[in-house]
Amino acid sequence: MDSSHVSALQLKHAGIERQIHDELSRPIPDAAMIQALKKRKLKIKEEISRH
């Protein structure tokens, strides 16, 4: 896999991390949304580690 794909995955991972942080900063965070974002982030992290 080329480095541009890994870079794109890393950018997605960072974006999801920001979304999680933003959601946690809200007065009443949406737990379901946070859980879904964390699952997406983990899948991306696993894909990065395979390459």
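The values are calculated or read from the model by the stated rules, or taken from the named source; none is laboratory data. None of the values given here were measured: they were computed from a predicted structure. Ideal geometry is used to build each Cβ from the backbone, glycine not excepted, and the neighbour counts take in all protein chains shown. With ligands, DNA and RNA removed, areas are computed over all heavy atoms of the protein, side chains included. Shrake-Rupley method; radii C 1.70, N 1.55, O 1.52, S 1.80 Å.
Some observations on this one:
- Pair list, Cβ < 6 Å and 6+ apart or interchain, from the range 8-35 residues that are farther than 19 Å from S49 by Cβ to residues that are open to solvent by 50 Å² or more (accessible area, probe 1.4 Å) and not in a helix (DSSP H, G or I): E23/P29
Residue-wise test of (1) open to solvent by less than 90 Å² (accessible area, probe 1.4 Å); (2) more than 11 Å from the chain's Cα centre (by Cα).
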{"site": "S4", "(1), (2)": "yes, yes"}
{"site": "I16", "(1), (2)": "yes, no"}
{"site": "H21", "(1), (2)": "no, no"}
{"site": "A31", "(1), (2)": "yes, yes"}
{"site": "L37", "(1), (2)": "yes, no"}
{"site": "K43", "(1), (2)": "no, no"}
{"site": "R50", "(1), (2)": "no, yes"}
